[in-house]
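Heads up, the thing below is written out as structure tokens.
The values are calculated or read from the model by the stated rules, or taken from the named source; none is laboratory data. Given the structure is predicted, the values throughout are model-derived calculations rather than measurements. So basically every Cβ, Gly included, is an ideal-geometry build from the backbone, and we count neighbours across all protein chains shown.
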Amino acid sequence: MLTPVNPPDACWPGLSQGMLIRGGGLFVSGGHVGVDIDGNPVTVSTEAQIVAMFENLGRTLTAAGLTFAHVARATCYVREFSPELLETIRSVRKRHFDQAHPPASVMVQAGLYDPVFLAEIEVIAVVP
């Protein structure tokens, strides 16, 4: 009934990047942050880190046979609220979600597990 989902290049031992829920028609992701393909934090710029965060989420959705179009809810945790960070997240998010039918979303200020990360995202998606 529950199938852990990890893209082939995932570098996070001991956790699943997502969980496919068969029979319930739901996919629940783990938190995704802005790391490169080797699992190193992307620190070149705020935008580069947020782009990497969404790319990592996209790889996990693909590994589950899904796309951003299947996402019903997105929760983004931010280290701290700042107009620049929120605008960057919104700008990058627009590249991935259909703006005519965007998923429900919320941003929550939270202490992230590593202060190098500016944001973390998790989603709930519908499995067709």
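Here are the numbers for the structure shown:
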{"quantity": "Odd one out for Thr67 among (1) free of Cβ contacts under 8 Å to residues at least 12 places away in the same chain; (2) under 15 Å from Leu118 (Cβ atoms); (3) under 13 Å from the mean Cα position of the chain (by Cα)", "calculated": "(2)"}
{"quantity": "Qualifying positions in the range 1-39 - among the aliphatic types (A, V, I, L, M) and either within 13 Å of Thr60 (Cα to Cα) or modelled with pLDDT under 80 (or both)", "calculated": "Met1, Leu2, Val5, Ala10, Leu15, Met19, Leu20, Ile21, Val28, Val33, Ile37"}
{"quantity": "Number of the condition not met by Thr3 [criteria: (1) in a strand (DSSP E or B); (2) touching a Gly at 6+ places or on another chain (Cβ under 8 Å); (3) surrounded by fewer than 18 Cβ atoms within 10 Å (Cβ to Cβ)]", "calculated": "(2)"}
{"quantity": "Odd one out for Ala100 among (1) outside any loop (DSSP other than H, G, I, E, B); (2) of a type outside the set (Phe, Trp, Tyr); (3) over 23 Å from Pro41 (Cα atoms)", "calculated": "(1)"}
{"quantity": "Count of the range 106-119 residues which are farther than 20 Å from Val42 by Cβ and either touching a Lys or Arg at 6+ places or on another chain (Cβ under 7 Å) or assigned to a helix (DSSP H, G or I) (or both)", "calculated": "0"}
{"quantity": "Residues that are in a strand (DSSP E or B) and farther than 19 Å from Pro115 by Cβ, drawn from the range 70-97", "calculated": "Val71, Ala72, Arg73, Ala74, Thr75"}
{"quantity": "Any hit, the range 57-70, residues being more than 25 Å from Val5 (Cβ to Cβ) and in contact with a helix residue (DSSP H, G or I) (Cβ under 8 Å, 6 or more places away or on another chain)", "calculated": "no"}
